[in-house]
Amino acid sequence: MKRQSDKMRLEENSKKMNFKLWQYFMILAASIMIVLWLLQIVFMSSFYKSMKIKEIERIGNSLYSEYGSDDFQEKLVATSFSKGIAINIIDENGSIIFPLDIFDLIRRPQFEANAFVDFLNQLYKSSGESVVYTTRNIRMNQDAIVYGAILKNETGSNYFLYISSILEPMDTTIIILKNQLLIITIISLLLAMLLSYFFSKKLSEPIISITNTAKSLSKGDYSIKFKKGDYKEIDDLADTLNLTTTELQKSEELKRDLIANVTHDFKTPLTVIKSYSEMVRDLTGENKEKRNQNLQTIIEETDKLEKLVDEMLNLSRVQSGLKVLEKIRFDLEELTLEVLARFKYFSIEKGFNFTIKTEGQVYITADRTLISQVIYNLIANAINYSEGNKEIEIDIIEKVDKVCFSIKDYGVGIAEEDINYIWDRYYRGGKKHQRLQVGTGLGLSFVKSIILAHGGEVGVESQLGQESIFYFII
């Protein structure tokens, strides 16, 4: 059991960010060392050989292009001394015609026969007029690079340019480099281990801090603050998480308010229904008129409960996209007048004054039933939050290919910090919950969902203690 626990702890530690970063840094350092060893030790000889061949070929091509110039011999001598290479001009018989000293003029020296034959074979097998190859220098018992080219003469036989350079043995150099690289590798890996540990810890600390803070957030502690780090990406992440924490805190408060408000709105009519049912049973007796009044109250409260449930179901259907829009073209002013007729009680009994002003053609294509509910909820909202001044103004204005519906009340207004949340279910500025004169408390959330489902937009303009204007454009 202990062995299994140790194994799980080891696996968990191996997945930690600082360990992973340390691992990646070590892999990078090891990769650099491997490349260095390959270049300096394994490929050193072949690299040196290829570079030497290219150098000899470049020198040979340069001298070949200078053949025929007045200072050709001077260039041959200068190149031979400066580059430390042997340069000869040979005729077709294998006789050396350059360089010659005073004794060579008496007896023309001959090029070594086997080497000359091999030189000619290599030269004539090549596709061009020059060749570069490696051979074994018998006299010096070392490998050599040979460059050959045909120097054509307009009169007489052709000459051959012969350049030879010894390939220095690399064994001693490689041993020295190997010892140096061994020391460098050990020092580099030790430094890499220390530096990678420091860098991985430095890089992972902000992430670990944010992770630990997020654990507190997951336990419901919304007072935490995510700390910023030394990098812009960490700062952006911390800002985003701090904003998320604030929104979660607000969401939690809204959830508590929603539960409290829904409970209140269900409990009130249920209490009334129970009370009046008991009155019907115990008090009214044979008093038919009194009994009918009590029964009517029960029916009205039941209707309110039913309406609340219907509103919640309709809101859920619209927000989840299950409600299919049945769009037709209709007059928005005509629909508004129909809805206003349902508020006649508030005009006669409560002293509310409703005025409608229209501009242009106010026909829209939408779901008439749903838009009527939108208008009903906006009017109900204006009534619920109007106090002394009971004037409610409705404007319906044509704007190019859209129609703007707005409703203005002179009620309590909305605080600036509440503006963005009034469209949430059951949200009300402040914590006080009052029973509405009309509606269910889901009105504005329903309005927003319906208008957005139609591809329109909703908005509000208000300040605390001043009038409010709610509008939608569709």
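The values are calculated or read from the model by the stated rules, or taken from the named source; none is laboratory data. Just so it is clear, the structure is predicted and the values come from calculations on it, not from any experiment. Using ideal geometry, Cβ is built from the backbone for each residue, glycine included, and neighbour counts are taken over all protein chains shown.
Residue-by-condition table, conditions (1) among the β-branched types (Val, Ile, Thr); (2) modelled with pLDDT under 85; (3) assigned to a loop (DSSP other than H, G, I, E, B); (4) surrounded by 14 or more Cβ atoms within 10 Å (Cβ to Cβ):
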residue	(1), (2), (3), (4)
Glu55	no, no, no, yes
Arg58	no, no, no, no
Ser62	no, no, no, no
Ser69	no, no, yes, no
Gln73	no, no, no, no
- Query: Which ones in region 169-212 are within 30 Å of Glu57 (Cβ to Cβ) and free of Cβ contacts under 8 Å to residues at least 40 places away in the same chain?
  - Reply: Pro169, Asp171, Thr172, Ile175, Ile176
- Task: For Thr172, work out the one condition from (1) of a type in the set (Ser, Thr, Tyr); (2) touching a Leu at 6+ places or on another chain (Cβ under 6 Å); (3) at pLDDT below 80 it doesn't fulfil.
- Result: (2)
- Query: Considering region 75-87 alone, what residues qualify as being of a type in the set (A, V, I, L, M) and part of a helix (DSSP H, G or I)?
  - Reply: Leu76, Val77, Ala78
- Check every one of the strands (runs of 3 or more DSSP E) wholly within region 120-228 and list those with 1 or more residues that are exposed (fewer than 14 other Cβ atoms within 10 Å of the Cβ). 130-137, 142-151
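Is it the case, given these coordinates, that Tyr133 is of a type in the set (Phe, Trp, Tyr), out of contact with any helix residue (DSSP H, G or I) (no Cβ under 7 Å at 6 or more places or on another chain) and in the same structural domain as Ile97 (by TED's automatic domain parsing)?
Details: of a type in the set (Phe, Trp, Tyr): yes; out of contact with any helix residue (DSSP H, G or I) (no Cβ under 7 Å at 6 or more places or on another chain): no; in the same structural domain as Ile97 (by TED's automatic domain parsing): yes.
No: the conditions fail for Tyr133.
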- Task: Give region 77-98 a look and list any residue that's free of Cβ contacts under 8 Å to residues at least 40 places away in the same chain and under 17 Å from Glu112 (Cβ atoms), or say none.
- Result: Asn93, Gly94, Ser95, Ile96, Phe98
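Against the condition surrounded by fewer than 16 Cβ atoms within 10 Å (Cβ to Cβ) and in a helix (DSSP H, G or I), how does Thr355 come out, does it pass? Reasoning before the result, please.
Details: surrounded by fewer than 16 Cβ atoms within 10 Å (Cβ to Cβ): yes; in a helix (DSSP H, G or I): no.
So Thr355 does not fit the description; no.
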- Message: Among the residues that make up region 97-113, is at least one of them surrounded by 14 or more Cβ atoms within 10 Å (Cβ to Cβ) and in contact with an Asp or Glu (Cβ under 9 Å, 6 or more places away or on another chain)?
- Response: yes
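Say whether the condition of being assigned by TED's automatic domain parsing to the domain that holds Ile163, in a helix (DSSP H, G or I) and either in contact with a helix residue (DSSP H, G or I) (Cβ under 6 Å, 6 or more places away or on another chain) or of a type outside the set (Ser, Thr, Tyr) (or both) is met by at least one residue in region 89-107.
So in region 89-107, the residues assigned by TED's automatic domain parsing to the domain that holds Ile163 come out as 89-107.
If we keep only those that are in a helix (DSSP H, G or I) too, we end up with none.
Among the residues of region 89-107, not one is assigned by TED's automatic domain parsing to the domain that holds Ile163, in a helix (DSSP H, G or I) and either in contact with a helix residue (DSSP H, G or I) (Cβ under 6 Å, 6 or more places away or on another chain) or of a type outside the set (Ser, Thr, Tyr) (or both), which makes the answer no.
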- Would you pick out the residues in region 383-399 that are at pLDDT 90 or above and buried (at least 19 other Cβ atoms within 10 Å of the Cβ)? Ile392, Ile394, Ile396
- Message: What's the total number of residues in region 389-418 that are part of a loop (DSSP other than H, G, I, E, B) and without any contact (Cβ under 8 Å) to a residue 12 or more places away in the chain?
- Response: 2
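Please tell me if Ile207 is closer than 30 Å to Trp22 by Cα, of a type outside the set (Phe, Trp, Tyr) and modelled with pLDDT of 80 or more. Steps first, please.
On the way: closer than 30 Å to Trp22 by Cα: yes; of a type outside the set (Phe, Trp, Tyr): yes; modelled with pLDDT of 80 or more: no.
No, not satisfied.
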- Query: Yes or no: Phe47 of a type outside the set (S, T, N, Q) and more than 15 Å from Ser165 (Cα to Cα)?
  - Reply: yes
